[in-house]
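A.B. asks: Sending over a structure as structure tokens; questions will come in a sec.
The values are calculated or read from the model by the stated rules, or taken from the named source; none is laboratory data. Since the structure is predicted, the reported quantities are computational estimates derived from the model, not experimental observations. Cβ coordinates were reconstructed from backbone atoms using ideal geometry, including for glycine residues, and neighbour counts include every protein chain displayed. Side chains are part of the model used for accessible areas, which takes the heavy atoms of the whole protein and leaves out ligands, DNA and RNA. Shrake-Rupley method; radii C 1.70, N 1.55, O 1.52, S 1.80 Å.
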Amino acid sequence: NPGVRFEFFNTYIPAQSSPAGQFVPARSFDKIENLPNWRDIAPRLGFVYDVFGDSKTAIKVHAGKYMRAFSTVGFAQVYNPNTVQTDRRTWTDLNGDDNVQPNEIGPVNTPFNVSGVSNRRPDPDIKRPYQWEYTLGVQRELMGGVLLSANWIRRDYHRLFWSDNVRTTSADYSIVNIPNPMNPSEMLPIYNLNVAKRGQVEIIDKNSSQNRRWYNGFDVGFTARARGASLYGGVSAGKQTTVSCEVDDPNSLRFCDQRELDLPYLIQLKLAGTYPLPYGIHLSGSWQGLPGVPVGTGRQDAEYSSGLNRVPDASLNV
């Protein structure tokens, strides 16, 4: 079963304006076209083989390329210059009126962007991330209405994004060594950004040539049907490994390569079924056992977040 999918992805940010506030003037922003303008081809191939010719045992193979959807958080939305901005400052209420006066707040840490141009933009050559998915499985009919299946799944992620603040370099950070709270004999390097560079932000998002992500999983499941009742379930074991060593902040280099960590496979168990009762009523139920956040095993992650300067999710059950 061969196939190929062509995807054309084009979005824009409309012209916008915002009135003046207490700390910012009125702002107007022009329309931004082609954010992005991507054309991609995604081939896919599936193959099924009836091993014994009796339609009871089948080997299934699949390989497919899948482009990142950007359906939950749109690509253009990230670069909208008309956005909420924050800056943390000190405040001393000199006249005691519980209202912020211009002479009562401390210096700016992160200047508000009022230029009409976003201080974050994609690289002109940025390309759409994608993943290759490979599956290999076998399915066997044990008896009438009872099926058993086992599958191996592999996903390779490519063109991952990373965010580079071009106003700073690694030379703008100074090292401060502090004792490891878990092991006082070990010193941990902490990198502090030089004061002169604080608040200087011009972020360019790029495709990383170093950052990668892989997923390996194994599934075993069954389906059973008899006299209108059904029961199905199985067990799934999966592990996601990430390399996020191309980062802007050197503090994120610690544990950035999960291949060096002994990350476990996380196990999921699921069981569900239905049973027919008189008068057209069906009784159904389900049970699930999902993995929690692993403790002391490093980061089992989603995707590195430059805003949080870390990988935000430590579990695969998201």
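A.B. asks: Taking the stated definitions as given, is F52 assigned to a strand (DSSP E or B) and over 30 Å from P19 (Cα atoms)?
C.D. replies: no
A.B. asks: Could you tell me whether any residue of region 85-97 is open to solvent by less than 60 Å² (accessible area, probe 1.4 Å) and touching a strand residue (DSSP E or B) at 6+ places or on another chain (Cβ under 9 Å)?
C.D. replies: Looking through region 85-97, none of the residues is open to solvent by less than 60 Å² (accessible area, probe 1.4 Å) and touching a strand residue (DSSP E or B) at 6+ places or on another chain (Cβ under 9 Å).
A.B. asks: Just for region 52-66: of the residues that are open to solvent by less than 50 Å² (accessible area, probe 1.4 Å) and more than 11 Å from T135 (Cβ to Cβ), which one is nearest to the chain's Cα centre (by Cα)?
C.D. replies: Among those that are open to solvent by less than 50 Å² (accessible area, probe 1.4 Å) and more than 11 Å from T135 (Cβ to Cβ), it is K65.
A.B. asks: Residue by residue through region 75-84, note down the ones that are in a loop (DSSP other than H, G, I, E, B), hydrophobic (A, V, I, L, M, F, W, C) and either in contact with a His (Cβ under 8 Å, 6 or more places away or on another chain) or open to solvent by less than 60 Å² (accessible area, probe 1.4 Å) (or both).
C.D. replies: F75
A.B. asks: Say whether the condition of being farther than 25 Å from Q131 by Cα, open to solvent by 60 Å² or more (accessible area, probe 1.4 Å) and either of a type outside the set (K, R) or modelled with pLDDT under 95 (or both) is met by at least one residue in region 210-224.
C.D. replies: yes
A.B. asks: From S244, S185, grab the single residue that is surrounded by fewer than 14 Cβ atoms within 10 Å (Cβ to Cβ) and over 30 Å from L277 (Cα atoms).
C.D. replies: After applying the criteria, what remains is S185.
A.B. asks: For T168, all conditions in the list (1) among the hydroxyl-bearing types (S, T, Y); (2) buried (at least 17 other Cβ atoms within 10 Å of the Cβ); (3) over 30 Å from P81 (Cβ atoms) hold save one; what is the number of the exception?
C.D. replies: (3)
A.B. asks: Identify all residues within region 55-74 that are of a type outside the set (K, R) and either closer than 30 Å to S17 by Cα or in a loop (DSSP other than H, G, I, E, B) (or both); write none if there are none.
C.D. replies: S55, A69, F70, S71, T72, V73, G74
A.B. asks: Take the residues in region 134-165 that are modelled with pLDDT under 90 and open to solvent by less than 80 Å² (accessible area, probe 1.4 Å); name whichever of them is farthest from the chain's Cα centre (by Cα).
C.D. replies: Within region 134-165, the match that is farthest from the chain's Cα centre (by Cα) is G144.
A.B. asks: Here's another thing I want to ask about it. For V311, work out the one condition from (1) modelled with pLDDT of 85 or more; (2) aliphatic (A, V, I, L, M); (3) surrounded by 15 or more Cβ atoms within 10 Å (Cβ to Cβ) it doesn't fulfil.
C.D. replies: Failing condition for V311: (1).
A.B. asks: May I ask you to list pairs of residues, at least six apart or on different chains, whose Cβ atoms are under 9 Å apart, with the first in region 178-202 being over 18 Å from P250 (Cβ atoms) and the second being open to solvent by 80 Å² or more (accessible area, probe 1.4 Å) and assigned to a strand (DSSP E or B)?
C.D. replies: P179/S185; P179/M187; E202/R121
A.B. asks: Using beta carbons and a limit of 8 Å, which pairs, at least six apart or on different chains, have the first residue in region 242-267 and free of Cβ contacts under 8 Å to residues at least 24 places away in the same chain and in a loop (DSSP other than H, G, I, E, B) and the second one open to solvent by 30 Å² or more (accessible area, probe 1.4 Å) and of a type in the set (D, E, K, R)?
C.D. replies: Pairs that qualify, where the first residue is free of Cβ contacts under 8 Å to residues at least 24 places away in the same chain and in a loop (DSSP other than H, G, I, E, B) and the partner is open to solvent by 30 Å² or more (accessible area, probe 1.4 Å) and of a type in the set (D, E, K, R): there are none.
A.B. asks: Can you name the number of the only condition in (1) surrounded by 11 or more Cβ atoms within 10 Å (Cβ to Cβ); (2) at pLDDT 85 or above that F70 fails?
C.D. replies: (2)
A.B. asks: Would you mind finding the one in G234, G221, G238 that is under 30 Å from K127 (Cβ atoms), in a strand (DSSP E or B), of a type in the set (G, A, S) and within 29 Å of the chain's Cα centre (by Cα)?
C.D. replies: G238
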